[in-house]
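Values in this text are rule-based calculations from the coordinates and carry no lab data. Everything quoted here is computed from the prediction, not taken from an experiment. Glycine gets a Cβ as well: all are built from the backbone with ideal geometry, and neighbour counts include every protein chain shown.
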Amino acid sequence: MLKTIEKITYCNKFRLNGELVTIEQISEIYEGCREAELNIWEQYERQKAKLLEESLTFERCKSVCRQIAKILGA
């Protein structure tokens with residue numbers, strides 16, 4: 001997931017915002033995005049684990065999990 005204004009395209013060669021780039025440069029961007037997504041997922045899982053320790057109904061737990069996901073931008 002790219003949350004920046006960068007635009008990656010491929011037509012015989014990779015381009016980043018219209019400029020020719022190497023696969024290594026593209027890989028760095030994707031790796032950065034992947035790490036950011038994993039951090040968000042880890043935060044979500046930690047919050048969800050805290051919820052499971054409480055005695056919430058299934059519907060309440062589901063509602064709170066959705067709120068957490070919305071806050072984290074998922």
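What the table below lists for this structure:
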{"read-out": "Using alpha-carbon coordinates, inclination of helix 58-72 to the longest axis of the chain, degrees", "value": "30"}
{"read-out": "Amide hydrogen neighbours beyond the local backbone of Phe14, cut-off 5 Å, H modeled", "value": "Val21"}
{"read-out": "Inter-label distance for Glu28 and Lys7, nm, one decimal - labels placed 7 Å from Cα along Cα-to-Cβ", "value": "2.2"}
{"read-out": "The chain, helix-only ellipticity at 222 nm - DSSP H runs n ≥ 4, -39,500 (n - 2.57), divided by all residues, nearest 500", "value": "-22000 deg cm²/dmol"}
{"read-out": "Cα-based Lys proximity count in region 6-70, under 28 Å, for pairs eight or more positions apart or on separate chains", "value": "6"}
{"read-out": "Mean Cα-pair separation over length for the chain, i.e. relative contact order, pairs under 8 Å, 6 or more apart, %", "value": "20"}
{"read-out": "Under 5 Å, built H, 5+ apart or other chain: amide partners of Leu56", "value": "none"}
{"read-out": "Given 16 as the ceiling on other Cβ atoms within 10 Å, longest exposed-site-free region of the chain for trypsin sites (Lys or Arg not before Pro) in DSSP loops", "value": "14-74"}
{"read-out": "Added length on full extension, which subtracts the Cα-Cα distance from 0.36 nm per residue, Glu53 to Asn17", "value": "8.3 nm"}
{"read-out": "Nearest 10 degrees, 0 to 90: helix 23-53 Cα axis against the chain principal axis", "value": "0"}
{"read-out": "Size descriptor, Kirkwood hydrodynamic radius, that averages inverse alpha-carbon separations across the chain, Å", "value": "14.8"}
{"read-out": "GluC sites (Glu not before Pro) within region 19-74, DSSP loop, no more than 12 other Cβ atoms inside 10 Å", "value": "Glu54"}
